[in-house]
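So the structure is just underneath, and the comments pick up after that.
Computed from the coordinates by the stated procedures, all read-outs in this text should not be read as laboratory data. Note that the structure is a prediction, hence the values are computed from the model and not measured. FYI the Cβ positions are ideal-geometry reconstructions off the backbone, even for glycines, and counts take in every protein chain you see.
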Amino acid sequence: MRRKQRKHNISLQPKYLLYALVFLCLLMIYFSYRYRDKLTPIKTSIGNVVTPMQNGINEIGSYITDKFDLFQSKKELLAENEELKKQIEALKFQNDVLVSDTYDLSALRELYDVGQNYAQYPMVAASVISKDTNGYYSSFIVNKGSNDGITKDMNVISDGGLVGIVTETGANWSRIRAIIDDTSYASGMFLKTSDTCDVHGSLEHMDNGFITVESISLQAQVEDHYEVVTSQISDKYLPGIMIGYVFDVEIDASRMAKMAKLIPVVDFDHIKNVLIITKLKEKTE
Amino acid sequence: MLIGIVILIEILISYLLQSAVFPFFELAGAVPDVLLILIVTIAIYKGQKAGMLTGFFAGILMDFCIGEVIGLFAAIYLFIGFLCGFAVKIFDREDVLIPLGITTLAELVYCLIYYVLLVLLQGNLNFGFSFVRVILPRVVYTALISIVFYRIFLAIHLHLPERVREEERI
């Protein structure tokens with residue numbers, strides 16, 4: 001039976017097969033776009049099969065890279081050690097100064113009503129297991145999903161700074177879009193002056209180590225090295241999460257607003273582990 | 001039938017390699033396209049139809065794992081499989097240069113289609129930057145890796161048991 005069918009197939013010219021499959025693809029594109037919501041279970045189930053494999057490979061991968069790192073020359077480490085010891089001395093001194101500042105800070109915070117620090121939010125730790133490999137978009141997959149209580153739009157932090165936001169979840173994986181992604185817009189705020197701004201990801205600028213901050217009011221008294229945190233008015237990001245430091249503040253081409261460059265506190269090249277805040281921003285409907 | 005299963009397994013392994021293994025060995029921020037190398041190999045060795053089907057299923061897997069809509073990567077890879085399938089006429093199992101050239105061209109075509117469909121239409125008009133930063137490293141890396149992977153994939157198909165290969169030759 002099968003053999004016969006195959007023979008029949010052989011007489012089919014490749015170009016007709018091409019037409020048929022392209023047509024099928026177009027149909028699928030149309031339907032998957034149209035019924036995007038109903039697609040999630042299928043995507044999730046495929047993700048559930050592939051992700052454990054990626055997870056396993058990843059553990060082996062990080063094991064190997066860790067071993068490679070161990071071979072880093074001893075000299076380098078010793079020199080670094082010296083350097084760090086010096087830094088510790090300097091930091092100890094700085095710390096004393098800062099400790100006294102914290103008293104002021106907590107008092108000011110209460111006044112300022114930023115309320116709780118994001119350290120108090122419930123969090124789930126996850127590790128990065130795969131990336132979008134097409135090169136343009138900065139999104140990656142982590143090994144925790146809805147089984148761990150993760151849902152879409154949860155905020156992701158690492159190194160005490162904002163990494164991005166969960167855009168999709170499966171049972172044991174979720175996809176995170178980083179704030180440096182071209183399509184990412186986060187509403188931010190200057191910690192010192194409370195002026196709001198838009199933090200816009202950019203792959204192009206990220207090569208030079210920064211992303212852009214737009215729509216800063218012309219009246220805002222913003223200077224270099226000011227901290228930007230997520231703002232209260234953001235609809236998805238919880239308030240008060242550190243994003244980074246601005247520099248090169250200037251008036252933009254439209255002359256209606258200021259723009260600046262921002263260095264994120266998170267090192268996006270070396271993200272291995274992230275914390276997902278399992279508290280969603282309350283929506284005002 | 002059996003050959004289909006073999007190719008499906010190869011697709012899965014290739015995808016795992018490019019999504020979970022090669023990110024550890026990035027060159028200039030690029031990850032090589034192992035799936036494309038597989039598609040080119042199958043297309044050169046077995047012809048257009050096998051190339052197209054391999055591309056189609058590889059694309060479907062990509063779509064389900066990283067795509068926004070289903071069918072886009074499938075269509076791109078399908079098209080690549082079709083184009084590369086023309087090279088079946090000049091296939092020579094000892095030759096390495098022609099597959100290398102075809103893989104490079106195919107990756108370039110893939111990147112350009114991807115750029116136009118998923119980047120340009122999203123409003124990123126800086127082609128020069130995209131080309132130097134994303135496309136070029138990816139093409140070069142894929143071409144380099146293809147020298148090894150082409151041999152591996154071809155060896156797998158040349159050494160398959162007669163029973164599995166026979167079926168396709170009818």
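Per DSSP H run of at least 4 residues, take -39500 (n - 2.57); add these up for chain B, divide by its residues and hand me the 222 nm value, nearest 500 deg cm²/dmol.
About -21500 deg cm²/dmol.
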> For B:22-30, what's the mean count of beta carbons from other chains sitting within 10 Å of each residue's beta carbon?
Replying inline: 4
>> Compute the helix-to-body angle for A:2-11: its Cα long axis versus the longest principal axis of chain A, expressed 0 to 90° and rounded to tens.
In response: 80
> Within 10 Å of each Cβ of A:42-53, how many other protein chain Cβ atoms are there on average?
Replying inline: 3
> Per residue of A:16-25, what is the mean number of Cβ atoms on other protein chains within 10 angstrom of that residue's Cβ?
Replying inline: 6
> Amide H to amide H, which residues 5 or more places from A:Trp173 or on other chains are under 5 Å from it, using H placed in the peptide plane?
Replying inline: A:Gly145, A:Ser146
>> Placing +1 on the Cβ of each Lys and Arg and -1 on the Cβ of each Asp and Glu in the protein assembly as shown, which of A:Ile271, B:Phe24, B:Thr103 has its Cα farthest towards the positive end of the resulting dipole?
In response: B:Thr103
> So, by mean Cβ neighbours within 10 angstrom, what's the order for A:23-35, A:198-210 with the highest one leading?
Replying inline: A:198-210, A:23-35
>> If each DSSP helix of 4+ residues adds -39,500 (n - 2.57) and the sum is divided by the residues in chain A, what number results at 222 nm, nearest 500 deg cm²/dmol?
In response: -13500 deg cm²/dmol
>> Can you work out the Karplus-derived ³J(HN,Hα) for every residue in the stretch A:147-163? Use 6.51 cos²θ - 1.76 cosθ + 1.60 with θ = phi - 60°, whole Hz, and x for glycine or proline.
In response: 4, 9, x, 8, 10, 4, 6, 6, 7, 10, 10, 6, 6, x, x, 6, 9
> Rg and Dmax of the stretch B:5-63, using alpha carbons, in Å: what are they?
Replying inline: 11.8, 35
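Go ahead and run the numbers for FRET between A:Tyr19 and A:Ala257, Cβ-Cβ distance against an R0 of 51 Å, rounding to 0.05.
According to the calculation, E is roughly 0.50.
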> Between the helical axis of B:2-16 and the dominant principal axis of chain B, each derived from Cα atoms, what acute angle in degrees is found, rounded to the nearest 10?
Replying inline: 30
> Which distance in nm do the two modelled labels at A:Arg34 and A:Lys279 give, with both placed 7 Å along the Cα-to-Cβ direction?
Replying inline: 4.3
